[in-house]
Amino acid sequence: AQTVTQSQPEMSVQEAETVTLSCTYDTSESDYYLFWYKQPPSRQMILVIRQEAYKQQNATENRFSVNFQKAAKSFSLKISDSQLGDAAMYFCAYRNYGGSQGNLIFGKGTKLSVKP
Amino acid sequence: EPEVTQTPSHQVTQMGQEVILRCVPISNHLYFYWYRQILGQKVEFLVSFYNNEISEKSEIFDDQFSVERPDGSNFTLKIRSTKLEDSAMYFCASSLKGSGNTIYFGEGSWLTVV
């Protein structure tokens, strides 16, 4: 079974600085998708960024980018120019490609604090 | 931007009572899901639904849970006889296609069982 591990329960960053959140996963599949979701205090789950495993190029969405290392099964999220509104829980998630419908498997999350 | 909407946002119910949580998925999406997040824990998959039937479910989704798409827009989760441990945030989600497609979440329904 696939697993997702986020080893940093909490992280802190100064406003305007850069922070990297770590995520590792375990799978025997070669095709899959990886996601980062943000959960602010309102508790809504908001998609931040996604990565297809077959793509070598790292995904980027404005200030958010990933470092996808397929061989190492690592999928870290970099937030540049951190803003106060980035403060939230961040969840890394995995989803199979093909076969069954493929539910999302989440890590335990990293709580990010942004200091003014 | 289209979004998944859920009602109620918060419900308090007595143990043993039936609860129905409602969701309106994104209109052109074909796959629907329910996830659960107990306070302080990670988000857990409950069930996926496609073509008017359950396509996948987790061990959590036992006989006291059921899902239904009663019309062309709503998707509901029913908990037949609530237990204290059912207290959690329940997220409805949808995706255009199945595996690989991005899953979009609603704002959640917070269920408190007393």
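Per-structure values
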item: Residue ID - nearest to B:Glu18 (Cα to Cα), chosen from residues in the range B:69-80 that are at pLDDT 95 or above and surrounded by fewer than 19 Cβ atoms within 10 Å (Cβ to Cβ); result: B:Arg80
item: All positions within the range B:88-114 that are more than 14 Å from chain A (Cβ to nearest Cβ) and surrounded by fewer than 17 Cβ atoms within 10 Å (Cβ to Cβ); result: B:Val114
item: Number of positions in the range A:33-58 that are surrounded by 14 or more Cβ atoms within 10 Å (Cβ to Cβ) and either within 8 Å of another protein chain (Cβ to nearest Cβ) or part of a loop (DSSP other than H, G, I, E, B) (or both); result: 12
item: Residue match in the range A:20-31 (condition: farther than 27 Å from B:Ala88 by Cβ and modelled with pLDDT of 95 or more); result: yes
item: Residue count for the range A:12-31, restricted to those that are on the phi > 0 side of the Ramachandran plot and within 11 Å of chain B (Cβ to nearest Cβ); result: 0
item: Any hit, the range A:91-107, residues being part of a strand (DSSP E or B), more than 14 Å from the chain's Cα centre (by Cα), polar (S, T, N, Q) and at pLDDT 95 or above; result: no
item: Only listed residue being touching a helix residue (DSSP H, G or I) at 6+ places or on another chain (Cβ under 7 Å), modelled with pLDDT of 95 or more and over 27 Å from B:Thr5 (Cα atoms), chosen from A:Glu10, A:Glu15; result: A:Glu15
item: Criterion violated by B:Val47 - all others in (1) more than 9 Å from chain A (Cβ to nearest Cβ); (2) of a type in the set (A, V, I, L, M, F, W, C); (3) assigned to a strand (DSSP E or B); (4) free of Cβ contacts under 8 Å to residues at least 40 places away in the same chain satisfied; result: (1)
item: Residue ID - nearest to the chain's Cα centre (by Cα), chosen from residues in the range B:7-44 that are buried (at least 21 other Cβ atoms within 10 Å of the Cβ), of a type outside the set (A, V, I, L, M) and closer than 21 Å to B:Gly98 by Cα; result: B:Trp34
item: Condition check for A:Phe91: surrounded by 14 or more Cβ atoms within 10 Å (Cβ to Cβ), within 22 Å of B:Ile103 (Cα to Cα), away from chain B (no Cβ under 14 Å) and not acidic (Asp, Glu); result: no
item: Search result, residues across the range B:82-114 that are β-branched (Val, Ile, Thr), in contact (Cβ under 8 Å) with a residue 40 or more places away in the chain and over 27 Å from B:Glu18 (Cα atoms); result: B:Ile103
item: Unique match (being of a type outside the set (Ser, Thr, Tyr), assigned to a loop (DSSP other than H, G, I, E, B) and touching a strand residue (DSSP E or B) at 6+ places or on another chain (Cβ under 8 Å)) among B:Ile54, B:Ile60; result: B:Ile60
item: Within the range B:19-44, considering residues that are part of a loop (DSSP other than H, G, I, E, B) and farther than 15 Å from B:Ala88 by Cα, the one nearest to the other protein chains (Cβ to nearest Cβ); result: B:Leu30
item: Residue among B:Thr13, B:Thr82, B:Thr76 that alone is more than 14 Å from every other protein chain (Cβ to nearest Cβ) and touching a Gly at 6+ places or on another chain (Cβ under 9 Å); result: B:Thr82
item: Residue identified as within 10 Å of the chain's Cα centre (by Cα), farther than 16 Å from B:Glu3 by Cα and modelled with pLDDT under 95 among B:Ser58, B:Ser66, B:Ser99, B:Ser48; result: B:Ser48
item: Residue under evaluation A:Asp81, criteria (1) modelled with pLDDT of 95 or more; (2) surrounded by 12 or more Cβ atoms within 10 Å (Cβ to Cβ), criterion not met; result: (2)
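The values are calculated or read from the model by the stated rules, or taken from the named source; none is laboratory data. Worth saying up front: this structure is predicted, and the values here are computed from it rather than measured. For neighbour counting, all protein chains shown are included, and Cβ atoms are generated from backbone atoms with ideal geometry for every residue, glycine included.
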